[in-house]
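The values are calculated or read from the model by the stated rules, or taken from the named source; none is laboratory data. As the structure is a prediction and not an experimental result, all values here were calculated from the model. Here the Cβ positions follow ideal geometry from the backbone for every residue, glycine too, while neighbour counts run over all protein chains shown. Ligands, DNA and RNA are excluded from the accessible area calculation, which covers all protein heavy atoms including side chains. Shrake-Rupley method; radii C 1.70, N 1.55, O 1.52, S 1.80 Å.
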Amino acid sequence: MLKQMKFESKPVSSFHKHNRLLVKFAASFLLLGLAFRLFYSDSIGLSVEPPPLADHETEPSSVPSFPPQTPPPGPVDFPGNSSQASQNVAVKCDIFTGDWVPDSSGPRYTNESCHVMESHQNCMKNGRPDSGYIYWRWKPRDCELSKFNPQRFLALMRNKSWAFVGDSISRNHVQSLICILSQVEQAVEVYHDKEYRSKRWHFPSYNFTLSVIWTPFLIGADIFEDMNGVSTSEIQLYLDKVDKTWTDQYNSFDYVVIGVGKWFLKTAIFHENNTVSGCHSCPGKNLTELGFEYSYRSALRAVFNFITRSDHKASVFFRTTTPDHFENGEWFSGGHCNRSVPFKEGEVDLKDVDNVMRTIELEEFEKAAAKGSEEGVNLKLLDTTHLSLLRSDGHPGPYRQFQPFAEDKNAKVQNDCLHWCLPGPIDTWNDLVMELLVNGDKYQ
């Protein structure tokens, strides 16, 4: 009986072993298939080939929107058109401290899909031969920064009014914003001043009004300078009077972006309490040399006092100074900017004058923000200085003019190393604005 049982157990054991082998084989086959699928998917996801242009952005044969150039290699794992990544950050993040990293996706518009950019910033049309400068994005050190979402922005701005107040950099900025928004709806220009420096646009589907107001000092000023920068007399600055060009319209704006700077370095006579109080860079005038530091601080103080004391509680973004990148001279003495990639951290420092202006800005803003919080004023710092400092490659340079070397490749032309190409690094400023707008409570 025992022998019989032992004999009968052999085929049963063999049967179970056979089944276990079949199970192991099937599991191995499934795991192998899954691994192959994952590897194949990752291979596709890691492609850094720039996406093709949309039909309406087809490159013309005469003036290419983007000269052929391989974008810098690097990751493209930035967040999409949402602020989810930013909202998931539990700690407060400094979005103004970070690095420029390669981005193969390229710009959000071209010089063909946007029709508001000025010719001085239309670098591609003007013949700039390289395009690597449009393949970078700003990445804060401790968090992600979402790309500007034009659909969401316009939805938030329904029945609202927004103004950019300041110098030509503010005009450069508003053109960047309109170029991005034009991918959703084309803006309709409804006003411009005699010199086309101040303009206003309307987005009919959203009843959204966007303005730029040219006031390079924000305070009262008599300027005797033409469009080419030729001056016939010293600027007269009224340090204790804000410029009515923008203050008379202030109550009509829901959001305001304010930023000035470089004009304060020009020779100027200062007025306070209806009398001449001093000057900046005015030898031979027998006046007290107070310097641009005095006028800049006085101007910002007057502007912030107006904002914090106003009964109108607009949301105000204060943009910090924009460094230029002239090398081997200034704009009037042969200075140029011919770099093709961003600086890395530690490779470039702010000029002394920019350091002084930035220190004044941060000190006056801190005092104004404290006072504004008591008065119910929403005042935010848009600190674009450091990230802009690293982008010497993003200026028009000689390509502020149309095809400057068409007749003579060695021609001496004036360079623009202050304003920004469109598209270009200034588009990132709108990513920062969107983040402050959507997640502003994190940056109080």
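Of the trypsin sites (Lys or Arg not before Pro) found in region 137-224, those in coil by DSSP whose Cβ has at most 12 other Cβ atoms within 10 Å are Arg141, Arg158, Lys194.
In the context of the full set of protein chains, region 101-202 has a per residue accessible area of 36 Å² (1.4 Å probe). I need the trypsin sites (Lys or Arg not before Pro) found in region 384-444, filtered to DSSP loop residues with at most 13 other beta carbons within 10 Å of theirs. When the trypsin sites (Lys or Arg not before Pro) of region 384-444 are filtered for loop state and at most 13 Cβ neighbours within 10 Å, Lys409, Lys412 remain. Using R0 = 41 Å, the C-beta based FRET efficiency linking Glu345 and Asn274 works out to 0.25. The residues packed around Gln236, meaning those with a beta-carbon under 14 Å from its beta-carbon, carry a net charge of -3 if Lys and Arg are +1 and Asp and Glu are -1.
Longer than 20 Å from Cα to Cα, which of Lys266/Lys351; Lys313/Lys367; Lys266/Lys367; Lys92/Lys380; Lys380/Lys442; Lys262/Lys313 are they? Say none if no pair is.
On the way: Lys266/Lys351 17 Å; Lys313/Lys367 17 Å; Lys266/Lys367 27 Å; Lys92/Lys380 15 Å; Lys380/Lys442 11 Å; Lys262/Lys313 28 Å.
Beyond 20 Å: Lys266/Lys367; Lys262/Lys313.
Let me spell out the model: positive unit charges on the Cβ of Lys and Arg, negative unit charges on the Cβ of Asp and Glu, origin at the Cα centre of region 265-420. What dipole size does that give, in debye rounded to 20? If you can, show how the numbers build up before the last one.
Details: 18 positive and 23 negative charges, 66 e Å.
Roughly 320 debye, rounded to the nearest 20.
Computed from point charges on the beta carbon alone (+1 for Lys and Arg, -1 for Asp and Glu), the dipole magnitude for region 400-444 about its Cα centre is near 200 Debye. For region 304-370, chymotrypsin sites (Phe, Trp or Tyr not before Pro) are listed when DSSP marks them as loop and at most 12 other Cβ atoms sit within 10 Å of their Cβ; the list is Phe332.
Cβ under 12 Å from Ser315's Cβ, Ser315 left aside: what net charge do those residues give with Lys, Arg +1 and Asp, Glu -1? Walk me through the intermediate numbers first.
Details: positive: Lys160, Lys313, Lys380; negative: Asp254.
That works out to +2.
In the context of the full set of protein chains, residues of region 212-362 present 47 Å² of accessible surface per residue (probe radius 1.4 Å, heavy atoms only).
Taking Cβ atoms as reference points and 15 Å as the exclusive limit, the residues near Ser161 contribute a net charge of +3, counting Lys and Arg as +1 and Asp and Glu as -1.
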